2 protein chains.
Amino acid sequence: MEKIAPPAAAEAAMATALRVLAMDAVEAAQSGHPGMPMGMADVATVLFARHIRLDPSRPDWPDRDRFVLSAGHGSMLLYALHHLVGFEDMTLEELQAFRQLGARTAGHPEYGHARGIEMTTGPLGQGIATAVGMALAERMLNARYGDGLVDHHTFVMAGDGCLMEGISHEAADLAGHLGLGRLIVLWDDNRITIDGPVSLSSSADQCARFAALGWHVARVDGHDPEAIDAALAAAKADPRPSLLACRTVIGQGAPTLAGSHKVHGAPLGAEEIAAARAALDWPHAPFVIPGPVRAAWGRVARRGAAARADWEARLAASPQAAAFEQARAPVDAAALREAICAFKAGISETRPAHATRKASELALGVVNATLPQTVGGSADLTGSNNTRTPDMASVTPGDFSGRYIHYGIREHGMAAAMNGMALHGGLKPYGGTFLAFADYCRPAIRLSALMGVPVAYVMTHDSIGLGEDGPTHQPVETIASLRAMPNLHVYRPADAVETAEAWELAMTSARTPSVLCLSRQSLPTVRRHHEAENLTARGAYVLRESIGPRDLTLIATGSEVSLALDAADLLEAEGLRVAVVSAPCFERFAEEALAYRAEVLGTAPRLGVEAAVRQGWEALIGCEGGFAGMTGFGASGPAPELYRHFGLTPARVAEAARALLTRS
Amino acid sequence: MEKIAPPAAAEAAMATALRVLAMDAVEAAQSGHPGMPMGMADVATVLFARHIRLDPSRPDWPDRDRFVLSAGHGSMLLYALHHLVGFEDMTLEELQAFRQLGARTAGHPEYGHARGIEMTTGPLGQGIATAVGMALAERMLNARYGDGLVDHHTFVMAGDGCLMEGISHEAADLAGHLGLGRLIVLWDDNRITIDGPVSLSSSADQCARFAALGWHVARVDGHDPEAIDAALAAAKADPRPSLLACRTVIGQGAPTLAGSHKVHGAPLGAEEIAAARAALDWPHAPFVIPGPVRAAWGRVARRGAAARADWEARLAASPQAAAFEQARAPVDAAALREAICAFKAGISETRPAHATRKASELALGVVNATLPQTVGGSADLTGSNNTRTPDMASVTPGDFSGRYIHYGIREHGMAAAMNGMALHGGLKPYGGTFLAFADYCRPAIRLSALMGVPVAYVMTHDSIGLGEDGPTHQPVETIASLRAMPNLHVYRPADAVETAEAWELAMTSARTPSVLCLSRQSLPTVRRHHEAENLTARGAYVLRESIGPRDLTLIATGSEVSLALDAADLLEAEGLRVAVVSAPCFERFAEEALAYRAEVLGTAPRLGVEAAVRQGWEALIGCEGGFAGMTGFGASGPAPELYRHFGLTPARVAEAARALLTRS
C-alpha cells in the first residue's frame, strides 16, 4: 500500500488545524471539550496522514478502516478530521454550529448524524468495547472471504475514563484472548481526569495490565510524529491487539491551560485562544483553513479512494462477490418467514411443552439455517440460554470461521461487541445471558437503541420461574425497566410459536434492537392451531375469545399466558365469559391502529398477569384494571412453590378477577 | 494473636465435612452448585481454622473479620462453615432445607437471612467490589479510632466469573490505588466456567493483571494446607491488597466428575456421592458430622470469642468508646431535622435560583456538619455532581482520615463500595455521577435495594436540561427504570428546599436506598414560604392550590415544577382554577393514606409534567390524565432550545392542559 509521509512542517500545520478548529468551535458554542482534541491532534494527524484507509466519498466502503473515538467528549477532533479529509456533509457551517440543535456536530458523536461516524460514543468505555466487536467481525469476515475482500484495521482513541470503566476489562480480556491483532487502541495518556490528576484515583500500570491480557503494548510520545508512526507500524505488524500509550499534554497548544484539568471540558476563552494562535503561529481567523493545509489533508482522501478502487476491482473479480454483498444486505425476510411458518405449523401440530428458552434454541435452528450471517453467543451460559445450535462451531483464537462466540462472563462486553459486529456489517449477532443481568449490560443496550442497531438479546430465566437461584437472579423490575427504554422491542413469548415469531421479528428489524425474555421452566403450547400470520408482530392479540360478549379480559405475557388460560377455565366453569389476550410485545401493540387495539382490549374489565411489577401495564389494562404480579423482590425456592407463594396460580388469578368484577 | 494450627488429619476431616455437606445439601435440594464448595473446601478450612477472627455468638462484633463469598453460587460453603463454626441459627435443619422457600439457606447468600452473612452475593463481581468498600471503611475507621478498636481483614472468595466481570477491574484498580492491604482475595483458580474450560473465553494472566493494579499476588496450591497458610500469612504481612490464586480442582472429592464443568451447577447424583464418600473415607450418613470434627471446628469460634472479649475490654477502656458507638448507631435524626429546618427557612427567605445539584451541595454542608459519619465521593464528577463540601478532605493512599473518595471513572465500583461501607457500619456513604450513568451501576443499586442498605446516590444532570452533551448523557427512561425497582426511593426535588428535605430523608432512611435526581440547570425556589414539615416525606403535596374548586391539577417533579407553575399562571390568566402539585417521590406518595392521596390529586383532570417518559406516571395522573414529557431520546443543543423543541414550555404545557380539558 502506498504510504505517504508528508513533510514534518506540513503535518505540524495539519495538527494545528485540528487544534484550532477544536478550540474555535468550543468557543463558538461556549460549550464542549477542547482538551482531548488539542492533546491528541498530533496522534490523529499521523494516524490519518500516514495510516488510516478511508474514502470520504464512499463512507460505507466495507473494507475501510474503522475509527472509533471512544473518548466521545473529544467530538470536535472527529468533526475537524472529517471536515478536513473531505466528508462532504461535514461543512464549515456544521463546525460553526457545534453542539447546536439540529447540527450534525452534536456534543458527542452520534451514529447516523453524519457520514463516517462509526458509532455513538460518550458513555465511557463503550467505544473500545464496541470496537472489539468491529475487529472481531473483521476477522470473521476475513475467514469467510479472504484477505482480498476483508483486511482492515480498527483504530480506537480512548482516554483514562475509558480504561477505568469496567467494560474496558471485559473488552480487553476478550480481544486479547481472541488475538484481534487488527485492533489498535491509541490511549490518550494525558494523566488528567475531570477531578484532577489521574493519580487522584488510579495507580494502574495500564501497559502492564493490557500485557497481562495478551496485548502488544508500547509507550510513545504523543507529540512526536515519527515515534507515533513507528509505534503504529509496530502495532500493525504485531499479531496481538495493541495498546499504544500516547503520552500527551491535554490541551496542547493552549499556552497557560495546557496540562490542566481546566482545559478538559470548558471553552478556553478569547484571551487564551489568542495566545494559542500566536504560540501556534496560526494567524488565520476562526474556521479559516489555508489552502496548503487543506491540500495536505486532501491526500488522506486520495490515498483512501485509490485503495477503495483497488478493492472494488478485487470484489468485481471475486467469485464470492455475490455472497459478500448478500451478507451485508438486509436479511432474506421472505425466506425466513417461510421457514418460521413451517416451524410454527410443526409446533401447533405436536404441541410440545418446551421452556421458551428451549423453543428459542429450536427456532434458532431455523433462523441460523436460513440466515448465514447470524452469529450466536452467550456470556458463559450457553447451556442455560440455549443460544447455540448444533451447526455452530466456536470462534477460537486463530480460527474465526465459526459462528458462535464464547463471550465469557462479560455481559457488558458481549452487548457492546454485538453492537460493533452489527455496525461493522456482514454479520447479524445475537447473544444470551440471564434476564436479571440485563442490568449488567444496560448501557450497551441503550446504545443499541439510541443508534438503532438491531441486535438481539436472548435473556432467559425471565421471572421467579427460575426458582431456587433466588432474588438476585429473578427479574421483577427488569422487564419494566427495558420497556421504559425508547426504540427497544421487548418480547416475552408464551410458547414455542410466539418464540419463533419473535425471532422472525428480531431478525428482520431494521433499526430497533430486540430483547427476548424467555422462561427457564417448561410451558405448554398455547397456539394450538396454526396461523401463518405472525401474530406477535401485532404486539398483542386475542388468543382465546369468549363465547358471547366478554365479561372479562385476561391479558398475560410469556409464562403467565398458560396461567391465564387455566384461570379462564375456572372462571368459565362459573359461567363467566372470558377472553384471553397474549401480549408478547407492548411496544408493537402501541404502534397498532386504535381500532385494532380497542378490539383486542375489549370493553369488559381487564386483568393483567405477569410475574413482574405492574409499572407499564396501564397501557394494556388501564388504571381501573386488575393486576396479578409481583410487588417486590422474589425468593429462593422451587418455582411452583414460588408461584403459589406470590399468588400466581389459576385459583388466585381467578380470585383477583372475581374481585375486579365485583368492584367494576 | 493466638494462632491454632490443628493437626493435618483434623483439618483434612474438617474440609471433608464441608465437601460432604455441600454435596449432600445440593443432592437433597436437587438443585445447587457443589463444585465450588468442594473445590475451595481446603482453602476455607485453613482460612477459618488458622486465620479468620469471628465470634458466632456475636456475629455483629464490629472488629470481626469480614468474609465475603463473591462466588455466591457456592453458598453451601458459607452455610456449611456457619453451621460448623456454630452460628446458632444455621442449624442442620437449615442445611437440609437448602434452597427451599423460607429457609435461611437460599440459593445464593442473602443478607439478613442468617447471622454472619455479610452481604448478598450471586451477581458476579459484586462481592469483590463490595468488599473493597468494607476494606476501605476499615481503614477509614482505623484512622479515626486506632488499631485498638479497628484492625481487621476482609477476606473474599472469588471465582473466574468475578474476575471476568468488568466491575472487578474497577474494584481492583481502586483497591490497589488506595493500598487496601487488609483486603485478601482468594481466587478459586479452577480453570472452569459454566461453558467449559476458562480457556474458551480468557487467556488472562490474572496475577500479572492484579500486579499491574498495585496488588500483592501469589500462586498457591489450593489443596495444600501449609501452602495456603503461608500464602495467607504473607498476604496479611504485605501492605498491598492481595490476590491469592488458589489452584484448585472444581468438585474436588467427586471421583469421576471433579475437574469438569459438569460439577459446577448440578447435583452429583447418588452414585457419585457414594463413591465420593468412599474416596473421602467418610462413612457417615448425610448431614451427620462426627464429634471430633465438630470439636475441631468449634475451636474457630473459641479463638474468635477470645479476640472479641479482648476487643471489648479495649473498647471499654477507650476514651473514644462513645464516639465509636455513636458512629455505628442510627444517625441523630432530631439534630438533622433541626439543621435542615433552619436551612430551609433560610432558603425560603432568600429564594435563590440554584440548580438542585448546587442546592444539594449546600444541603450537604448541613448534613456533613451534623453527621460526622457521612463519606462523600463521586465517580470523577466532583465539580459537576457538587458532592464535596469545603470541610471534606480527600482520602488518599496512606491517609484515610479524610471524608471524600475520588472513586475515579468507576460508577459500578463506586456503588458497590458504598454498599460495602454501609454494610461495614460506622460510615454513611453517598456518591455521585450523572443520572444517565445510573445504568452503569444499576446491578449494585439493585443490591442496595435488595439488601436494604440505605446508601444515597447523587445523580445530577437529570434530563435534557443538561443541554449540549446530548442524548447519551440525557436520561429520559432512567427515572422510570429506577422507579420500577422495589425498595428504592427516587427523589426529584424541585428546588433547594425539597433538595434539603430529600437529603434529610435519605440520611435517616433505615432500610431503603435513595437516588437524588438533580438538575444541572438553575431553578427558582418554588417553596417560597417556610414550613417546618418535611413535605417531601409525603412524596407529593399541593404546592399551590387553586382559588375555588379546581378545574385542573398540574403535577410535576424537579425542574418541571417551576414550568408547571408558569403554565398555571397562563391558564389562570384565562380564568381557569389550577392547582400545582409537586411530586418529588412517587414511592413515598404511594405509601400515604388514601385520603391524603385523594386530597392531593383532587377530582379535576390531571396533567403530569416531567422531562422523561410517561411510564409510571399513571399512578399520579391516571390513565385519562395528560402528560407533557419525552417520548424518545433527547438531542444535543442548548437546554432552553431543547425544552422548546420537545414541547416543554409554559405555553405548550398550557396548550396540553387546554386539550385535556376539552376532551375531559
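The values are calculated or read from the model by the stated rules, or taken from the named source; none is laboratory data. Please read these numbers as outputs of a predicted model, since none were measured by experiment. Note that each Cβ is placed from the backbone with ideal geometry, even for glycine, and that neighbours are counted across all protein chains shown.
Structural remarks
- Total residues in segment B:479-513, condition buried (at least 24 other Cβ atoms within 10 Å of the Cβ) and part of a loop (DSSP other than H, G, I, E, B): 7
- If you go through segment B:422-432 and keep only what is outside any helix (DSSP H, G or I) and more than 14 Å from chain A (Cβ to nearest Cβ), you end up with B:425, B:426, B:427, B:428, B:429, B:430.
- Enumeration of residues in segment B:190-249 that are more than 27 Å from the chain's Cα centre (by Cα), closer than 27 Å to residue A:410 by Cβ and touching a residue at least 60 places away in the same chain (Cβ under 8 Å): B:190, B:192, B:195, B:196, B:197, B:222, B:246, B:248, B:249
- Matching residues, segment B:508-564, being of a type in the set (A, V, I, L, M) and in contact with a Gly (Cβ under 6 Å, 6 or more places away or on another chain): B:555
- Among the conditions (1) more than 14 Å from every other protein chain (Cβ to nearest Cβ); (2) surrounded by fewer than 24 Cβ atoms within 10 Å (Cβ to Cβ); (3) touching a strand residue (DSSP E or B) at 6+ places or on another chain (Cβ under 8 Å), the only one that residue B:365 does not satisfy is (3).
- Selection status of residue B:101, touching a residue at least 60 places away in the same chain (Cβ under 8 Å), under 16 Å from residue B:25 (Cβ atoms) and surrounded by fewer than 22 Cβ atoms within 10 Å (Cβ to Cβ): no
Conditions (1) surrounded by fewer than 22 Cβ atoms within 10 Å (Cβ to Cβ); (2) within 30 Å of residue B:495 (Cβ to Cβ); (3) among the small types (Gly, Ala, Ser), marked per residue:
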| position | (1), (2), (3) |
| --- | --- |
| B:300 | no, no, no |
| B:304 | no, no, yes |
| B:334 | yes, yes, yes |
| B:345 | yes, yes, yes |
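- Output for segment B:605-647, where each listed residue is aliphatic (A, V, I, L, M) and within 17 Å of residue B:578 (Cβ to Cβ): B:607, B:609, B:620, B:621, B:628
- Scan of segment A:368-388 for residues that are away from chain B (no Cβ under 12 Å) and assigned to a loop (DSSP other than H, G, I, E, B), ordered by number: A:371, A:372, A:373, A:386
- Residue match in segment B:161-181 (condition: in contact (Cβ under 8 Å) with a residue 40 or more places away in the chain, over 16 Å from the mean Cα position of the chain (by Cα), surrounded by 23 or more Cβ atoms within 10 Å (Cβ to Cβ) and within 29 Å of residue B:298 (Cβ to Cβ)): no
- Any hit, segment A:472-483, residues being basic (Lys, Arg), farther than 30 Å from residue A:341 by Cβ, touching a residue at least 12 places away in the same chain (Cβ under 8 Å) and in the same structural domain as residue A:512 (by the TED database): no
- Residue A:169 satisfies every condition listed in (1) over 23 Å from residue A:203 (Cβ atoms); (2) within 11 Å of chain B (Cβ to nearest Cβ); (3) not polar (S, T, N, Q) except (1).
- Count of residues meeting criterion [in contact with a Ser or Thr (Cβ under 6 Å, 6 or more places away or on another chain), of a type in the set (Gly, Ala, Ser) and in contact (Cβ under 8 Å) with a residue 60 or more places away in the chain] in segment B:343-374: 5
- Subset of segment B:201-217 (residues that are at the interface with another protein chain (Cβ under 7 Å from one of its Cβ atoms), part of a loop (DSSP other than H, G, I, E, B) and of a type outside the set (Gly, Ala, Ser)): B:205, B:213
- Restricting segment A:388-411 to residues that are of a type in the set (Val, Ile, Thr) and touching a helix residue (DSSP H, G or I) at 6+ places or on another chain (Cβ under 7 Å), the residue that is surrounded by the most Cβ atoms within 10 Å (Cβ to Cβ) is A:409.
- Being over 25 Å from residue B:182 (Cβ atoms) and touching a Ser or Thr at 6+ places or on another chain (Cβ under 6 Å) holds for only one residue in B:111, B:79, and it is B:79.
- Note on segment B:433-463: among residues that are in a loop (DSSP other than H, G, I, E, B) and among the β-branched types (Val, Ile, Thr), the one that is nearest to the other protein chains (Cβ to nearest Cβ) is B:453.
- Enumeration of residues in segment B:218-249 that are crowded, with 23+ Cβ neighbours inside 10 Å and within 14 Å of chain A (Cβ to nearest Cβ): B:241, B:243
- Test result for residue B:198, more than 14 Å from every other protein chain (Cβ to nearest Cβ) and aliphatic (A, V, I, L, M): no
- Some residue of segment A:294-307 being within 33 Å of the chain's Cα centre (by Cα) and under 14 Å from residue A:150 (Cα atoms): yes
- Strands (runs of 3 or more DSSP E) fully within segment A:553-664 counting 1 or more residues that are away from every other protein chain (no Cβ under 12 Å), of a type in the set (S, T, N, Q) and in contact with an Asp or Glu (Cβ under 8 Å, 6 or more places away or on another chain): A:578-582
- Per the listing B:399, B:391, the residue uniquely out of contact with any Gly (no Cβ under 9 Å at 6 or more places or on another chain), more than 8 Å from chain A (Cβ to nearest Cβ) and over 26 Å from residue A:635 (Cβ atoms) is B:399.
- Within segment A:77-92, considering residues that are within 22 Å of residue B:471 (Cβ to Cβ) and out of contact with any helix residue (DSSP H, G or I) (no Cβ under 7 Å at 6 or more places or on another chain), the one nearest to the other protein chains (Cβ to nearest Cβ): A:78
- Count - residues of segment A:181-227 that are within 27 Å of residue B:201 (Cα to Cα) and among the acidic types (Asp, Glu): 1
- Among the candidates A:68, A:132, the residue that is part of a strand (DSSP E or B) and under 19 Å from the mean Cα position of the chain (by Cα) is uniquely A:68.
Results for (1) assigned by the TED database to the domain that holds residue B:187; (2) of a type in the set (Lys, Arg); (3) part of a loop (DSSP other than H, G, I, E, B), shown as yes or no for each residue.
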site	(1), (2), (3)
B:18	yes, no, no
B:22	yes, no, no
B:27	yes, no, no
B:32	yes, no, yes
B:46	yes, no, no
B:53	yes, yes, yes
